[in-house]
1. Take the Cβ-Cβ distance between Gln169 and Arg16 as r, set R0 to 25 Å, and report the resulting FRET efficiency rounded to the nearest 0.05.
2. Between 0 and 90 degrees, rounded to the nearest ten: what's the tilt of helix 87-98 against the longest Cα principal axis of the chain?
3. Can you tell me the accessible area per residue over the chain, all protein chains present, probe 1.4 angstrom, in square angstrom?
4. What net charge is computed for the residues neighbouring Phe76, neighbours being all others with C-beta under 14 Å from the C-beta of Phe76, Lys and Arg scored +1, Asp and Glu -1?
5. Roughly speaking, to the nearest percent, how much of the chain's 1.4 Å accessible area is carbon and sulfur?
6. Work out how much length Lys294 to Lys239 would gain on full extension: take 0.36 nm times their residue separation and subtract the Cα-Cα distance, in nm to one decimal.
7. Over region 55-125, what per residue volume does the convex hull of the Cα atoms give, in whole Å³?
8. Determine the gain in length on full extension of the stretch Glu314-Ser332; use 0.36 nm per residue of separation and subtract their C-alpha separation, reporting nm with one decimal.
Amino acid sequence: MKLNAADLERYSRQMRFAGIGRVGQEKIAASRVTICGCGALGTVLANNLVRSGVGFVRIVDRDFIELSNLQRQVLFDEADVAENLPKAEAAARKLRQINSAVTVEAVVADIDRTNIEELCRDADLIMDGTDNFEVRYLINDTAVKLNKPWVFGGAIGSNGQTMTIIPGQTPCLRCVFEASPGPGEVGTCETAGVLAPTVNIIASLQAAEALKLLVGKYDAINRELFTIDIWENTTRRHKIAPLLGKVNCPCCQRREFEWLEGAHGSQTTTLCGRNAVQVSLRSATKLNFDDMAKQLGQSGNVSHNKFMLKFDVEEYQFTVFPDGRAIIKGTSDTDKARILYAKYIGH
Ligand SMILES: [Zn+2]
């Protein structure tokens, strides 16, 4: 893609770096990236990639902004919390102010097996900005199936980890972690918290990998599983390259895409650290918030904008999205959440 005079000025420091150069910058400008999740990792990823001049950035996130996000989610501020904005929309708005030359697409949706291929098919690269393993295994299946690189990142407490997956050239996520950790096996944001610097370091490493991938410098890629503890001042590089082709990986060796095919996964998800459950529908619907608000008139604090409808009943806070998905705060019991959903939203 041809660069104009403003581009040459804006990206001058990046282009002066020998690994990128003018040719690299042109490749970056012609690139399309899907960022899955726009929370802690996702906001740092999006910030880096949009500033770097990636031509098209799609941001997919299911959630809305809360005060407890501001400690680490760099694209959001207090006005966004007050405005009840979905993260993807608020991030896109901020990013367009930062770099109007980049096309930023906001998708407010829960990434699941029914939509992930569509969200990633036209992307050159998929970035993991999520906070749960279910979506990571879906990304892994999709990336291997569509033969696209992706960059895994995770952060909890003072611990972070990242690895880069190039299908056929490096082990995939399932080569390294065959199954997702069971409940209680790893800490959550609720039990362990998370430090902003942990997130910033991991997402920045991911963004660096993204630049290498987009300019085609595959020899510079991190081919190990990198872990860091910023409180203990330790880093480790786990040699994972020998796993490629040596473990009988269901995903990249047998090409059985179990997560995409629905052998795993659920419709109710307990949200990390939130005492909340998300309930989603098998088939998307289109809710009429005006009608719903009237029907819920007797319940407490009904409010809505075009992105979401909120109300309180009993000791629970409901946030409902136009596609019928709801986040119910006040319980981490998925059965209870399903009952509450049926009672107040229906379907
Ligand atoms: Zn594999």
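The values are calculated or read from the model by the stated rules, or taken from the named source; none is laboratory data. On a predicted model such as this, the values are computed, not experimentally measured, just so you know. Virtual Cβ from ideal backbone geometry, glycine too; neighbours counted across all protein chains shown. Only protein heavy atoms, including side chains, enter the accessible area calculation; ligands, DNA and RNA are left aside. Shrake-Rupley method; radii C 1.70, N 1.55, O 1.52, S 1.80 Å.
1. Details: r = 29 Å, r/R0 = 1.17.
Step by step, r from the Cβ atoms, then E = 0.30.
2. That helix lies at roughly 50 degrees to the long axis.
3. On the way: 15830 Å² over 347 residues.
Per residue, the chain has 46 Å² of solvent-accessible surface.
4. Values: positive: Arg72, Lys87, Arg93, Lys94; negative: Asp61, Asp63, Glu66, Asp77, Glu78, Asp80, Glu83, Glu89.
So the environment of Phe76 carries a net charge of -4.
5. On the way: 7840 of 15830 Å².
It is 50 percent, rounded to a whole number.
6. Numbers: separation 55, 0.36 × 55 = 19.80 nm, distance 5.88 nm.
Extra length available between Lys294 and Lys239 comes to 13.9 nm.
7. Numbers: hull volume 6.6 nm³, N = 71.
In region 55-125, the Cα convex hull volume per residue is 94 Å³.
8. Working: separation 18, 0.36 × 18 = 6.48 nm, distance 1.52 nm.
Extra length from Glu314 to Ser332 when fully extended: 5.0 nm.
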